[in-house]
Each structure stands twice: as structure tokens, then as C-alpha cells.
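Report on the structure given below.
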There are 2 protein chains.
Amino acid sequence: MATQESTREALESSVGTLNKGLGAMNSPLQPEQVRQLHWNLLREDLSLPTAVLYQDRLTHNLRWMQEFIAAYGIRLAPHGKTTMAPRLFEMQLESGAWGITVATAHQALVAYTHGVRRVLMANELIGKENIAIAARMLRDPGFEFYCLVDSAAQIEQLGSHFSSQGQHLHVLIELGVMGGRTGVRNDEQLNQVLDALAKWRNAIALDGVEMYEGVLDEEAAIRVFLQRAVSVARRLRDEKRFDRSPFLLSGAGSAWYDVVAEEFSSAGFGDAAEIVLRPGCYLTHDVGSYRKAQQRILEHNSVAQRMHSGLIPALHVWAYVQSIPENEKAIVGMGRRDAAFDSGLPVPALHYRPGDTAPKTAVAHWETTKLMDQHAFLKIAAGDDIKVGDMIGFDICHPCLTFDKWRTLPIVDSNFNVVEVIQTYF
Amino acid sequence: MATQESTREALESSVGTLNKGLGAMNSPLQPEQVRQLHWNLLREDLSLPTAVLYQDRLTHNLRWMQEFIAAYGIRLAPHGKTTMAPRLFEMQLESGAWGITVATAHQALVAYTHGVRRVLMANELIGKENIAIAARMLRDPGFEFYCLVDSAAQIEQLGSHFSSQGQHLHVLIELGVMGGRTGVRNDEQLNQVLDALAKWRNAIALDGVEMYEGVLDEEAAIRVFLQRAVSVARRLRDEKRFDRSPFLLSGAGSAWYDVVAEEFSSAGFGDAAEIVLRPGCYLTHDVGSYRKAQQRILEHNSVAQRMHSGLIPALHVWAYVQSIPENEKAIVGMGRRDAAFDSGLPVPALHYRPGDTAPKTAVAHWETTKLMDQHAFLKIAAGDDIKVGDMIGFDICHPCLTFDKWRTLPIVDSNFNVVEVIQTYF
């Protein structure tokens, strides 16, 4: 039985033979065994399209963000929803992350099952089976779990469940803004939440305050929102509402983490607060909205300026030119099934002709003009040196909606050898 | 060894414990065993969000399309890329489908591995490992595989590979239109393809003509394109270019299959041609562009009119109302990670309050106004009977980009009992 059990577990965690973007496999393998197959992207060992991560760039980005956050004396809980790749969670934790952030009970379960010991679910926990998932994880005394509340109705659900189980749930109050997403808008809603929490103190511990500034897109308004979060945290501290010491104060998506770091670290809470930031897209970065955000940060933030570098795009989707049916149009075998398209289309970055020594930088005027489910339209110029069978490596916009299109992503070294395959759990 | 092997295969095909949208599982189960867990959607046994298929509607749509196609005396090879669910392929084949259509070598491998014996890859086969995947499958004499060619450069790649292996690849010439996607645009390109095929006759068999009319959006232009395909097929037949008898003539996505059926079936080829249509979205249908297409078909097509019914949306994404932070806004726990958003946002269809006997039709003025990665913004009116913890079942637009967000989809009966779980292989 013990052997069957371990066989089962090994197989549940193994890389199956039917994932897109990999090379030939005779049987499922453990992720670390895949290296022994000696796949190389440029040797065309992989079935394209494939999404690959560049090892050196990942490492650079891991270190960059950890160093940035550490300079403010605060904590990093990278948003795991971006990648949903437990192996990447592991790298983030090994680099010094305080915990992993997730968005749903299911994502929390994936992190927990893969050994993450501290999860911040930056979302309201709701619904019978989702609550049951949390309750089952919480039976493990070594697991630390936080989630959000923003209404009395939700707190009633949580309170009645966890109270009946004799369990304690740890929550943060989420603050929101009018026109925004979740979160209490004003003092009236806040007081309703506090009253509901007071009723269920036997089952629900109030451990801090959370907000997501990314629902706003102007720095001035974001700073006002952050200052409101500081002010609410101060009030709750003064009223001794927090059951955790230090209490938690958490904000930050992947675009405004510098501003959040500045505002929260200068709030003067000292050791009374543990400040937790939650960017997720920094790991692979992109050439869309996050590159724009990074440019703003490098222009304005002194900590980032002292670091003499920035984040680097670390993910490419590679695909073949499958047809050049018109002088100014190439069709590439990659589509909405393979890359995000909601905040910019993939951008040609590298061009490789099988047999060549190395990829070249893609011609500057090449442009993705349309993405269908399985195809990309590439605008080229008549006479460009591009052929059917050429490989194009595309930078992407919006990592979250690119990762979720892949169950496995090879990590390649600087020679495009596959050194590892990571798995996602969307 | 035999036992280990069968254990491995059983586990590779089993439903894992970490898929979103399911209920509690202690260990992986075979898809058919999941029924024994007696999950019920309305009893909140599933972790929402979840995407469910309605058994009776699936059955209706399966039969409807098969009957429609049969009325024209032609064949159905449903596009498998829509669902990538081998269990649904099986249902389609059992209902009378001629084969399964796919878009990539990887998708062909998934179909082949799950027992599909006839696959039409309605796309150009390109790249070393993709060709190798096809070559490995073709070693099975019981497997029938067709793919597309549209350039001499691509045919050179295919010819040199399959010739060196002593294998035969069966291809269709793809026709395309200026401004469209892949496919030969004119006689000059067609003749280049024919010349290249003539060179590799020992390795590549020309079995037919293929086109995809969905790159156009006006009926008149589509009919012209279809008539061109008929004319090319007639020329190639007259020139005795086809290696297959009957030759294959294939077209049709999910929006214009009626027009394709009309044009191709009236071309007068008789037994000389096997006409193969490839709609994929009919199985679940939607409330977006395919509903519009269906309305057009029911208005104009006499076969559809005689059938006294149409396709019915058979997939809902269910999610919880997690917050009602403003009088006219509810936030629902479902986002771009859970439903397509590229041709219309999900539409509230059913509203269920846990404990009630049955879901009600969702209030007509409720509207999804925005989708973030994990959240939907629902416009409601002040005073509407909606509460945190309520469940909303959403109709969706674009099945392809909804299916690919789920690894497992429960099939429910009319009482919302989960009778089966189907797995996808994207």
C-alpha cells in the first residue's frame, strides 16, 4: 500500500505525456527528470507553440524584487495567481518571500498541497465548499492562512461555519473605493463589518487591513487610498481591534508596488505592523502595462534607481511561421490559446531559422496585428528575410493570462537547453 | 510490470485532486467514478467558480447537428479544438461524426491517444517535432490522418521527412482569400503547391481541398469563396490530381455551416467527393456570435426550419456573489480566468440562493460590465433581491476560450447532480 500511495503521489505530480509545448515523451516523468531528455528549443526538440521561461532572467527578477522590497524593510507575498506554478512559488519563498498570495480557495489549496506554509488569500472567502477547503487546510497547525472580509453577510457565513467547527479563521478587512471592486467603501460599511466581527470573535480573528490600489490608475488617487488604509489601520490599532501583533497591512499589485512601499513604510507603524506587498507579474515581467509601470518606477523611485537595473521580460512564446500567403503577411502558429491578448498582442522579439547558430533580434517593423484562436497575423514587409519554418520568439503582455494557457512551461538556459519543466495548476 | 503500467495509465487518465470547480476529493478518481461522490451543484458541493455542462442540452445539440448534416448527405468532423475533451469527442463520434477535426499536432496526438481513429488537422503541419508527432501516429495503420498544405516551402519540409521515413502523409490543399489567414490565394500559388506535390508523390498523397470561410463575414463573399473551392476541386478532379477516391472537400466553422452545406452539397460531385464540415461550437453553443449565427440559420435555412428547434446553450459558469459594495454593483467570483471575454462578456442566466428549491431566471437588467482576472462586475439595481452568497449561473460567449480555462467540467443532470466529469487537454 505504501508503495502504491507513493506511486500515486509521484504520478499526480509528474509531467504527463499530453501537454502542449513539450518534446517527445514515452511516459510521465517527474519535473526534474525532464532535464535528462536533453531537449533544446533551437534544435526543434519541442512541439511549438511553446511558452518558455529564461532561467537567468527569472533569477534576476526574483532577486530584484526581493531586494527592492527588503530596502523598505517590508514583506513580499508574491501573487501566486499569476503563475499558479508551485515550483515558482518555491523559488520565490527560497528568495525570501514571506508567503504566497492567492485569489481563490482552490489556489490556496494548490499552494498548501505543494508545501507553502503561509498563504494570504487576497479575496473574500465565500461559499460552502470553498469554506470547507479552508477549514480542512486549517486543521494543519503548521499552516498560516489569511483571507478577506468586506461585509457582515459574508462574516455571518464564515462565523457560523468556523464557530460550529471550533476553528479560528484569520481575516483582514478589505478596503475599497467607489467605482472599484470589493472592499468597504466608507465608515458605515466598516462599522458594520466591525460589529459582525465582534459577534464572532470566538471564530474569526481580525489580523489586519488589506486593499488593492490597482483598481485606480492615477498616482494621486492611489496615494489618497493608501493613506486611507493607513488611517483605518491606525484607528483599528488604537481601538485594539487587531488579534495579531504585529497586525498586517497589505496592498500592491504589479504596477504600483513602489508607491505602496513608500506610503506604507513611511506610515510610522514601526514594529506594530507587518507590511506585506503582493506583486505577481514581476517574475516574468512583460512588454505591456508592466513595462510601462517599471519605466515610471525607474524614473521616480530612488530605491529602484540605486539598483542600476530593472525587471526583464523572462517569458517567450515561440511559434513557427506556417505560411506567408501575402507579401506583407506571415501566419504564425500561435493564438489566443497560447498568449494573452487583453492588454496588447504578443511582440516579435527573436527570429530563428533552424540550422542557424543563434536567434537574431526580430525585424523591428514586424508586428502582430491579429490573434485568432490558434493563429497570429504578423505584418512584415515585402522582401523581408522570413521563411515558412522559421521560429519566432514573442514577448508577451499580461503574464497572468499567458501562464493560464499552459500546463507546463520549460525553463531554458542561455543556450536554450531545457533544464527543467514547471507545472501550473489553474 | 503489467500492473504498474495499467496503474500508470489509469492515473494519467484520472481526475486529479487539484482541479478548480470540483468538490472534495481524497484521491484521484476515474472520470466515471466521480458520479459516486454524489455532488450536487445547488447543494454547494462544488468549489465555485465552476463550469458545468447540461447533459440534456448536450444531447440535444449533438443530435441536432448530426441530423442537420445528415440531411445534406454530407459528413461531420466536429472541430475538437473547441473543447479538447476526448469524452466529448467520443460522444460526437457515437452520434455519427465521421472524424474529429483539430488545429495542431498536439491536439491530434490528444485525439489519437484517446482512441479517435480519423483526424483532420485543419491546419498546416510545420516544424520538426510536430512532424515527428504525426509520423509516430502514422505508424499505426488503423489511424487515418489528414493535414493541410499551402506552400511549396512547407511541402518541401514534409516531403523530405516522410520520404526519408518511407511513410505517406495525406494532405488537403488549403485555399485562402486575400486579407484572410492561411491558404493559397490564387492560381499561381496553387500551381506552385501542385508542382511541389508532384515532386513528392512518393511521400505525400493529395486527398482533397480545404478552406475556412470564417475569415470572411459577409454571406455573398463567403458563397463566392465556396464556389471557388468547388471550382478548384473540379479542376483537380479533372486533372486526376487526387490520390483519394472519393476526394475530400472540407469547409465550415461554427457560424456558416449552413451556407457551406448548401454550396458544397449542390456542387454536383455525387459520390466522387466526401464533403466534410467542421463546426465545433455547436456542442455547447453560446449566447454571443454563435447564437446570432443560429438565428440567421433558422430564418433562412429550410432544413433547420423543418427541425422545429435550434441549438441550446449547454454550458454555464457558476459563481458566487462575494460582495455588494455599492447599491448598483455586485462583485462575483468569476473572471477572465474562468470565461471567455473576447466576443462578449458572460450573461447572467440563473440565480440561486442556497436553500431554495430551484434557481430562478436571473433578473433581466443584471449585466456583466467588466471582467478582471478573477472577478466580474455585475450591474444591478438598488433594491434588487440579491445577496452575498447567492449563486449566479452565467451563459457564455465563445465556447473555445471558455473550455480552455477548465481542466475538468462536471456534467449535470436536470437536478444539477454531477453525473460525470469530463477532462480537457489544452
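Structure summary
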| read-out | value |
| --- | --- |
| Other copies of B:Asp413: label-to-label distances in nm, shortest first, labels 7 Å along the beta-carbon direction | 5.7 |
| Neighbour cut-off at most 12 other Cβ (10 Å), DSSP loop, trypsin sites (Lys or Arg not before Pro), the range A:344-426 | none |
| Relative contact order of the range B:146-285, defined on C-alpha pairs under 8 angstrom at six or more residues apart (%) | 21 |
| Percentage, to the nearest whole number, of Cα pairs in the range B:369-420 over 15 Å apart | 68 |
| Calculated label separations, A:Glu67, copies of the chain, 7 Å along the beta-carbon direction, nm | 6.9 |
| Where Rh is the Kirkwood radius over Cα pairs, Rg/Rh for the range A:41-173 | 1.07 |
| DSSP-defined antiparallel bridges as percent of all bridges, chain A, nearest 5 | 50 |
| Tensor-based shape of the range B:312-426 (alpha-carbon gyration tensor, a/c under 1.5 rounded, otherwise prolate or oblate) | oblate |
| Interchain or long-range residues, amide H under 5 Å from A:Glu274's placed H | A:Phe247, A:Leu248, A:Leu249 |
| Pairwise Lys count, chain B - Cα closer than 12 Å, eight or more residues apart or different chains | 5 |
| Sorted largest first, extent of the protein assembly as shown alpha carbons per principal axis (Å) | 90, 62, 57 |
| Along each principal axis, Cα extent of the range B:176-318, largest first, Å | 54, 30, 28 |
| Whole-number Å³ per residue for the convex hull built on Cα positions in the range A:158-250 | 95 |
| Other protein chain Cβ atoms within 10 Å, averaged over every residue that makes up A:323-334 | 5 |
| At 7 Å out from Cα toward Cβ: A:Lys387 inter-copy label distances (nm, ascending) | 6.9 |
| Using θ = phi - 60° and Karplus 6.51 cos²θ - 1.76 cosθ + 1.60, couplings along the range B:139-150 (whole Hz; Gly, Pro as x) | 5, 8, x, x, 10, 10, 9, 10, 9, 9, 10, 8 |
| Between 0 and 90°, nearest 10: helix A:289-300 axis offset from chain A longest Cα axis | 70 |
| By accessible area with a 1.4 Å probe, ligands and nucleic acids excluded, highest first: order of A:Arg296, B:Arg235 | B:Arg235, A:Arg296 |
| Over the range B:245-310, volume per residue of the alpha carbon convex hull, in Å³ | 88 |
| Ranking by accessible area, most exposed first, for B:Thr424, B:Thr113 with a 1.4 Å probe | B:Thr113, B:Thr424 |
| Sequence-distant residues sharing a close amide H with B:Val102 (under 5 Å, placed H) | B:Gly80, B:Leu120, B:Met121, B:Ala122 |
| Distance between the range B:317-335 and the range A:368-386 - C-alpha centres, whole angstrom | 39 |
| For the range B:113-194, the fraction of alpha-carbon pairs in successive 10 Å shells from zero, as % | 17, 49, 27, 7, 0 |
| Rg to Rh, two decimals, where the range A:212-265 supplies the alpha carbon set and Rh follows Kirkwood | 1.01 |
| Long-range amide H partners of B:Ile411 with built H, under 5 Å | B:Leu53, B:Val419, B:Glu420, B:Val421, B:Ile422 |
| Surface accessible to a 1.4 Å probe, A:Ser231 within the full protein complex, Å² | 60 |
| Residues in the range B:367-390 that, when all protein chains are in place, have 40 Å² or more less accessible area than the chain alone would give (probe 1.4 Å) | B:Met372, B:Asp373, B:Gln374, B:His375, B:Val388 |
| Phi-based couplings in Hz for the range B:317-334 (Karplus 6.51, -1.76, 1.60; Gly and Pro marked x) | 9, 9, 8, 8, 6, 9, 6, 10, x, 9, 4, 10, 9, 10, 9, 10, x, 7 |
| Degrees separating the helix B:187-199 axis from the principal Cα axis of chain B, which is the longest one | 70 |
| Most to least accessible of B:His308, A:His60, A:His351 (protein chains only, probe 1.4 Å) | B:His308, A:His60, A:His351 |
| Rg/Rh ratio calculated on Cα atoms of chain A (Kirkwood radius) | 1.01 |
| Distance from the range A:42-59 to the range B:77-145 (C-alpha centre basis), Å | 25 |
| Solvent-accessible surface (1.4 angstrom probe) belonging to B:Trp39, in square angstrom, nearest 10 | 10 |
| In order through the range A:214-223: 3J(HN,Hα) via Karplus (6.51 cos²θ - 1.76 cosθ + 1.60), integer Hz, x for Gly, Pro | x, 6, 9, 10, 10, 4, 4, 5, 5, 5 |
| Nearest 10 degrees, 0 to 90: helix A:152-165 Cα axis against chain A principal axis | 80 |
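The values are calculated or read from the model by the stated rules, or taken from the named source; none is laboratory data. A quick note: this is a predicted structure, and the numbers were derived from the prediction, not measured. Virtual Cβ from ideal backbone geometry, glycine too; neighbours counted across all protein chains shown. Remember, those area values only see protein heavy atoms, side chains included, never the ligands or the DNA or RNA. Shrake-Rupley method; radii C 1.70, N 1.55, O 1.52, S 1.80 Å.
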